[in-house]
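> Below is the structure I would like to discuss, written out as structure tokens.
The values are calculated or read from the model by the stated rules, or taken from the named source; none is laboratory data. Computed from a prediction, not measured in an experiment: that's the story for all the values here. With ideal geometry, Cβ positions are generated from the backbone for all residues, glycine too; neighbour counts draw on all protein chains shown. Accessible surface areas use protein heavy atoms only, side chains included; no ligands, DNA or RNA. Shrake-Rupley method; radii C 1.70, N 1.55, O 1.52, S 1.80 Å.
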Amino acid sequence: QSGSIAFVGRLEPRKGIIEWVEACARVAPRYPEARFDFVGADVWDLAADFRQRLGSELAPRFRFHGQKPREQIATILAGACAAAVPSRWENFPNVCIEAMAGGLPVIATRYGGMEEMVEDGQTGWLAEDLGIGGMVPSLAAALERCLQASGEERARMGA
């Protein structure tokens, strides 16, 4: 795998960050090369809790950058192989557009505008709509599909 899976947005429950980190933690042990970047204001002070729950083996693969200026966000996205938009609800997420404009396939939920923006298997991977209670396993399955894709396939999807 080349590059990380990048999440850009506020670290708050509405953005699906709790479910996303749990999904990543479930899948990451099978993909030791997988890395995860998180960029955004930690308004609920979740990063410290995530690091503790991830444990010493997984935590170094999860990088919480905090809030960054737009140029630094662009640099992190440029070094990613995919972007994640795991929100519980979004109308028309700018981060999805920015990631796709930057040539990244997107892992997303089917809630709100993401389902209209991401074509499953073509421009990214959509989690099944299993309700809020099913977000972790469905996001984990979408992430696994992303990590199983070759670098060439991810590049084609991003294009």
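> Residue 104 passes all but one of (1) free of Cβ contacts under 8 Å to residues at least 60 places away in the same chain; (2) assigned to a loop (DSSP other than H, G, I, E, B); which number fails?
In the conditions (1) free of Cβ contacts under 8 Å to residues at least 60 places away in the same chain; (2) assigned to a loop (DSSP other than H, G, I, E, B), residue 104 misses (1) alone.
> Looking at region 49-57, can you tell me whether even one residue there is among the polar types (S, T, N, Q) and in a loop (DSSP other than H, G, I, E, B)?
The answer is no, given that none of the residues of region 49-57 is among the polar types (S, T, N, Q) and in a loop (DSSP other than H, G, I, E, B).
> Follow-up question, since we're still on this one. Does region 32-40 include one or more residues that are within 24 Å of residue 134 (Cβ to Cβ), without any contact (Cβ under 8 Å) to a residue 24 or more places away in the chain and either open to solvent by 30 Å² or more (accessible area, probe 1.4 Å) or within 14 Å of the chain's Cα centre (by Cα) (or both)?
Looking for residues that are within 24 Å of residue 134 (Cβ to Cβ), without any contact (Cβ under 8 Å) to a residue 24 or more places away in the chain and either open to solvent by 30 Å² or more (accessible area, probe 1.4 Å) or within 14 Å of the chain's Cα centre (by Cα) (or both), one finds none in region 32-40, hence no.
> Can you report the number of residues in region 99-130 which are surrounded by 19 or more Cβ atoms within 10 Å (Cβ to Cβ), within 18 Å of residue 144 (Cβ to Cβ) and at pLDDT below 95?
Selection size over region 99-130: 0.
> Let me ask another. Among the residues of region 14-40, count how many are in a strand (DSSP E or B) and not aromatic (Phe, Trp, Tyr).
2
> If you don't mind, there's one more thing I want to ask. Which numbered condition trips up residue 77, out of (1) closer than 19 Å to residue 139 by Cα; (2) crowded, with 16+ Cβ neighbours inside 10 Å?
Among (1) closer than 19 Å to residue 139 by Cα; (2) crowded, with 16+ Cβ neighbours inside 10 Å, residue 77 violates only (1).
> As an exercise: evaluate residue 29 against (1) in contact (Cβ under 8 Å) with a residue 24 or more places away in the chain; (2) open to solvent by less than 40 Å² (accessible area, probe 1.4 Å) and give the number of the one condition it does not meet.
Only one criterion in (1) in contact (Cβ under 8 Å) with a residue 24 or more places away in the chain; (2) open to solvent by less than 40 Å² (accessible area, probe 1.4 Å) is unmet by residue 29, namely (2).
> Give me the residue from region 15-26 that is open to solvent by 20 Å² or more (accessible area, probe 1.4 Å) and of a type in the set (A, V, I, L, M) and, out of that set, nearest to residue 80 (Cα to Cα).
Within region 15-26, the match that is nearest to residue 80 (Cα to Cα) is 25.
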